[in-house]
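The values are calculated or read from the model by the stated rules, or taken from the named source; none is laboratory data. Everything numeric here is computed off the predicted structure, so don't read it as measured data. For neighbour counting, all protein chains shown are included, and Cβ atoms are generated from backbone atoms with ideal geometry for every residue, glycine included.
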Amino acid sequence: MQEQDPIVYNGRYLRMRNHEGWEYAERTNPQGAVIVIAATPDDKVLMVEQYRKPIKANTLEFPAGLIGDDPGNSDEAVERAARRELIEETGWSAGHIVPLMHGPSSAGMSNEIQHFVRAFDLSKIGDGGGVGGENITVHEIPIGQIANYVAEHAQRDYLIDPKVYAGIYFLDHDARGQPW
C-alpha cells in the first residue's frame, strides 16, 4: 500500500497535501475533469460563459465539469461525465463521444487530470445553463468565426481559459493531428 502525502488542509471540496515541502491541491471527490469540444449539426461551436469567483471575472470556456462529483457516482466514466456536462451546460446531447487526450491541469499545483473529448452527432434537448446556480450562458459560434470570437472576447476583458485554444485545434483534428 502506497503511503499518502500528509494533509495540510482538508476542506469540503479541496484538500492540500505536502510532499517533501511541496504543497499541492487535490479535489476530495471526483476523478478529474472533462472538457467537451462540440459543434452543432449546423457547424456552430458550443462554448459557455460564466462568472468565476476565484478570479472575479467572466470566462469563455468549452463545456466542462468534474468526473464523478455527483453523490454515489464516484466511478463515473469519462464519456458519461462528458454527456452529462454537455447536457447540463448547453442543452445539447451527444450521440457519440471520442476521447482525445488527458493530462494535468496544473502539474505544479494540483494532481487533477483533465480529459479532452470530442462530441459528435449532437441534438438539442434542453436549454442548458448549468445546475445548482451555475448561471451559464451558452454561445453558439459559427466554426469559421471561432478564433475571432475568442479574440474579441479577450479584448473585452473576458478571461479565456487556455484550454480553449487546444479545443479550437480539436474541432478539426484528433490528438494525432489527423483531420476528422
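At-a-glance table
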item: Single residue of Val98, Val36, Val48 found to be assigned to a strand (DSSP E or B), within 19 Å of Gly132 (Cα to Cα) and modelled with pLDDT of 95 or more; result: Val48
item: Looking only at region 101-137, and only at residues there that are more than 26 Å from Tyr13 (Cα to Cα) and within 15 Å of the chain's Cα centre (by Cα), the one that is surrounded by the fewest Cβ atoms within 10 Å (Cβ to Cβ); result: Arg118
item: Enumeration of residues in region 124-160 that are among the charged types (D, E, K, R) and farther than 20 Å from Ala82 by Cβ; result: Glu152, Arg156, Asp157
item: Pro54 closer than 20 Å to His153 by Cα and exposed (fewer than 11 other Cβ atoms within 10 Å of the Cβ); result: yes
item: Residues located in region 126-180, provided they are among the β-branched types (Val, Ile, Thr) and assigned to a helix (DSSP H, G or I); result: Ile143, Ile146, Val150, Val164, Ile168
item: Pairs where the first residue, in region 165-180, is touching a residue at least 24 places away in the same chain (Cβ under 8 Å) and outside the structural domain of His153 (by TED's automatic domain parsing) and the second is of a type in the set (D, E, K, R) and part of a helix (DSSP H, G or I), C-beta under 9 Å, 6+ apart; result: Trp180/Asp172
item: Filter pass, Glu85 being modelled with pLDDT of 90 or more, of a type in the set (Asp, Glu) and either buried (at least 19 other Cβ atoms within 10 Å of the Cβ) or within 15 Å of the chain's Cα centre (by Cα) (or both); result: yes
item: Test: residue in region 60-72 that is aliphatic (A, V, I, L, M), surrounded by fewer than 13 Cβ atoms within 10 Å (Cβ to Cβ), modelled with pLDDT of 90 or more and under 30 Å from Ala151 (Cα atoms); result: no
